[in-house]
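Undergrad: The structure's right below; bear with me while I get my questions together.
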Amino acid sequence: MQPKKILIFDTTLRDGEQVPGCKLNEKEKIIIAKNLELLGVDVIEAGFPISSPGDFQSVKEISKNISNTIICCLTRAKKKDIEIAAQALKYAKRPRIHTGIGTSESHIKNKFKSTEEKILNIAYESVRYAKQFVEDIEFYAEDAGRTENLFLAKVCEKVIQAGATVINLPDTTGYCLPEEYGKKIKFLIENVPNIDKVTLSTHCHDDFGLATANSIEGIKKGARQVECTINGIGERAGNTPLEEIVMILKQKKELNCFTNINTKMLYPISQLVSQYTGMVVPQNKAIIGTNAFSHSSGIHQDGMIKNSETYEIINPNEVGYKNSDNQDNQDKDYDDEDNNSSIVLTARSGRSALRYRYKQLGYAFKKNKLDTIYPIFLKYADKKKEISDEDLKEIINSV
């Protein structure tokens, strides 16, 4: 079967920036946008123009600076929002308006004090109105994850009639289990007339830690666009992390999918976004955390020294990961120059790792010498979290 292209829609500059304290200035947004284009994302959601003059101006300037990637901006299903978005996208080579409304019972009753019939009409009219300004219209059914499937199907049918090109099915509250979310997309594909005329998109939040799993299940059931952010930043517990989706699709060949992402840029752009937003990447973060390619357990270290495939499913170079030169607990590259993983010495490390690190420092000795050194090493390691190169030299000099 022909591999399926999955579009990567990055919303770091919109949903990602909604995190409290995560404010980016215009210059920083433009730099990130340029890097997202180099990364190979298909769509950049540049902002929510009506929310502030600064956001309007940022979308406008990003549009001027991006050559090939689709530039999208968010609106509510309101004429004024759509008009302002169209103005902000004036210089975009490939503009998209992303408009929509909440469709769950909770949103209709509690947020809008409305009815399903009125929501259907608003959805239809907002897409039709946006279509007067740009051809590419994405409609979001906010809280689709908790929307009853029959009504969601009616919404999708209406916005397709109005001219939508993409339909976004957000699990806005991160409520769905993967099976639920996948069944929802499957139901729509099987029951909505002309659903093949639009691209279905996932937009999953991580409130239950299921954003990536739900997005993958959505792809398996027919979604062809994934909305995500660098480092998974976003509202509350965050969004689907771009780096996770991309590497899963790259490594799991049985999914028969591909993206245009240059994966060697994943770690550098992660660091860039973290620096500008002030959102520190957790050390144990999948794919791009500092511990993702570090090994301190003796059993793991022994396997890694023999063959990195024993404990790593991704070569760190594939995501552009580099050891930090200023951390003395990080070893140099393996003898295999294609691997940048770290052997970190702790009280859990074994003799293989100790011998390996000494070899890196230019020391070579026989087993009886190592047997003498190892108990001394353990005494040091019990007092310190990690053993540095200077500690190792001190140990060898004490014997």
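The values are calculated or read from the model by the stated rules, or taken from the named source; none is laboratory data. Worth saying up front: this structure is predicted, and the values here are computed from it rather than measured. Every residue, glycine as well, gets a Cβ built from its backbone with ideal geometry; the counts of neighbours run over all protein chains shown. In case anyone asks, the SASA skips ligands and DNA or RNA and just uses the protein heavy atoms, side chains included. Shrake-Rupley method; radii C 1.70, N 1.55, O 1.52, S 1.80 Å.
Undergrad: Among the residues of segment 309-323, how many are under 23 Å from ASN262 (Cα atoms) and either modelled with pLDDT under 80 or in contact with a Pro (Cβ under 8 Å, 6 or more places away or on another chain) (or both)?
TA: First, the residues of segment 309-323 that are under 23 Å from ASN262 (Cα atoms): 309, 312-323.
Checking which are either modelled with pLDDT under 80 or in contact with a Pro (Cβ under 8 Å, 6 or more places away or on another chain) (or both) leaves us with 320, 322-323.
Summing the residues that are under 23 Å from ASN262 (Cα atoms) and either modelled with pLDDT under 80 or in contact with a Pro (Cβ under 8 Å, 6 or more places away or on another chain) (or both) in segment 309-323 gives 3.
Undergrad: Kindly indicate which of THR229, THR202 is closer than 14 Å to GLY145 by Cα and among the hydroxyl-bearing types (Ser, Thr, Tyr).
TA: Exactly one residue qualifies, and that residue is THR202.
Undergrad: Continuing with the same structure: Give segment 295-323 a look and list any residue that's part of a loop (DSSP other than H, G, I, E, B), of a type in the set (S, T, N, Q) and touching a strand residue (DSSP E or B) at 6+ places or on another chain (Cβ under 9 Å), or say none. Walk me through it before giving the result.
TA: Our first condition is that a residue be part of a loop (DSSP other than H, G, I, E, B); within segment 295-323, this holds for 296-297, 307, 311-315, 320-323.
With the extra rule that they be of a type in the set (S, T, N, Q), the set shrinks to 296-297, 307, 315, 323.
Once the filter is applied, which keeps residues that are part of a loop (DSSP other than H, G, I, E, B), of a type in the set (S, T, N, Q) and touching a strand residue (DSSP E or B) at 6+ places or on another chain (Cβ under 9 Å), segment 295-323 yields SER296, ASN323.
Undergrad: If a residue has to be surrounded by fewer than 16 Cβ atoms within 10 Å (Cβ to Cβ) and either under 13 Å from the mean Cα position of the chain (by Cα) or more than 15 Å from PRO316 (Cβ to Cβ) (or both) to count, how many in segment 260-270 make the cut?
TA: Residues that pass the stated criteria total 2.
Undergrad: Right, something else. Which residue is surrounded by the most Cβ atoms within 10 Å (Cβ to Cβ), if the candidates are limited to segment 215-259 and must be of a type in the set (Val, Ile, Thr) and closer than 18 Å to THR69 by Cβ?
TA: Going through segment 215-259, the residues of a type in the set (Val, Ile, Thr) turn out to be 216, 219, 226, 229-230, 233, 240, 245-246, 248, 259.
Keeping just the survivors that are closer than 18 Å to THR69 by Cβ gives 226, 229-230, 245-246, 259.
Values: VAL226: 27, THR229: 26, ILE230: 30, ILE245: 27, VAL246: 26, THR259: 20.
That would be ILE230.
Undergrad: Out of PRO53, PRO49, report the one residue that is under 24 Å from the mean Cα position of the chain (by Cα) and not basic (Lys, Arg). Break it down into steps so the answer makes sense when it comes.
TA: Details: PRO53 fails: under 24 Å from the mean Cα position of the chain (by Cα).
Matching residue, one of PRO53, PRO49: PRO49.
Undergrad: For residues in segment 346-375 being outside any helix (DSSP H, G or I) and among the polar types (S, T, N, Q), which is most open to solvent (accessible area, probe 1.4 Å)?
TA: Taking segment 346-375 first, the residues outside any helix (DSSP H, G or I) are 346-350, 361-366.
Still in the running and among the polar types (S, T, N, Q): 346, 349.
Details: THR346: 19, SER349: 2 Å².
Restricting to residues being outside any helix (DSSP H, G or I) and among the polar types (S, T, N, Q), the top hit is THR346.
Undergrad: Return the pairs, sorted by first residue and then second, in which the second residue is of a type in the set (A, V, I, L, M, F, W, C) and outside any helix (DSSP H, G or I), the first residue lies in segment 221-244 and is without any contact (Cβ under 8 Å) to a residue 40 or more places away in the chain, the beta carbons are less than 7 Å apart, and the residues are 6+ apart or on different chains.
TA: Listed pairs, sorted by first residue: GLY222/LEU200; THR240/CYS204; THR240/VAL226; THR240/CYS228.
Undergrad: Is there any pair linking a residue in segment 168-194 that is on the phi > 0 side of the Ramachandran plot to one that is assigned to a helix (DSSP H, G or I) and surrounded by 15 or more Cβ atoms within 10 Å (Cβ to Cβ), with Cβ under 6 Å and at least six apart or on different chains, and which?
TA: From segment 168-194, the pairs are ASN194/ILE160.
Undergrad: Does LYS23 fit the bill of being part of a loop (DSSP other than H, G, I, E, B), under 25 Å from the mean Cα position of the chain (by Cα) and under 30 Å from VAL280 (Cα atoms)? First the steps, then the outcome.
TA: Details: part of a loop (DSSP other than H, G, I, E, B): yes; under 25 Å from the mean Cα position of the chain (by Cα): yes; under 30 Å from VAL280 (Cα atoms): yes.
In short, yes.
Undergrad: Additional query: Out of LEU392, LEU378, I need the residue that is closer than 23 Å to SER294 by Cα, open to solvent by 30 Å² or more (accessible area, probe 1.4 Å) and among the aliphatic types (A, V, I, L, M). Which one?
TA: Numbers: LEU392 fails: open to solvent by 30 Å² or more (accessible area, probe 1.4 Å).
The conditions single out LEU378.
Undergrad: Regarding segment 69-78, can at least one residue be identified that is free of Cβ contacts under 8 Å to residues at least 24 places away in the same chain, more than 16 Å from TYR140 (Cβ to Cβ) and not aliphatic (A, V, I, L, M)? Full working, then the answer.
TA: The first filter runs over segment 69-78 and keeps only residues free of Cβ contacts under 8 Å to residues at least 24 places away in the same chain, leaving none.
No.
Undergrad: Could you please find all residues in segment 1-47 being in contact with a strand residue (DSSP E or B) (Cβ under 7 Å, 6 or more places away or on another chain) and surrounded by fewer than 16 Cβ atoms within 10 Å (Cβ to Cβ)?
TA: Residues satisfying the conditions are PRO3, LYS4, LYS5.
Undergrad: Quick check on this structure: which one of THR199, THR229 is within 26 Å of LYS23 (Cβ to Cβ) and touching a strand residue (DSSP E or B) at 6+ places or on another chain (Cβ under 7 Å)? Talk me through it step by step, then tell me what you get.
TA: Details: THR199 fails: within 26 Å of LYS23 (Cβ to Cβ).
Answer to the selection: THR229.
Undergrad: Mind checking which pairs have a first residue in segment 357-370 that is under 22 Å from SER294 (Cα atoms) and a second that is modelled with pLDDT under 85 and exposed (fewer than 15 other Cβ atoms within 10 Å of the Cβ), Cβ under 7 Å, 6 or more apart or different chains?
TA: GLN360/LYS332
Undergrad: Okay, moving on. Considering each residue of segment 162-184, count those that are touching a Lys or Arg at 6+ places or on another chain (Cβ under 7 Å) and in a loop (DSSP other than H, G, I, E, B), and give that number.
TA: Here the count works out to 3.
Undergrad: Could you please give the count of residues in segment 162-201 that are open to solvent by 30 Å² or more (accessible area, probe 1.4 Å), β-branched (Val, Ile, Thr) and more than 16 Å from ILE219 (Cβ to Cβ)? Talk me through it step by step, then tell me what you get.
TA: Taking segment 162-201 and keeping what is open to solvent by 30 Å² or more (accessible area, probe 1.4 Å), we get 165, 173, 175, 177-180, 183, 186-187, 189-191, 193-194, 196-197, 199.
Keeping just the survivors that are β-branched (Val, Ile, Thr) gives 165, 173, 189, 199.
Still in the running and more than 16 Å from ILE219 (Cβ to Cβ): 165, 173.
Matching residues across segment 162-201 total 2.
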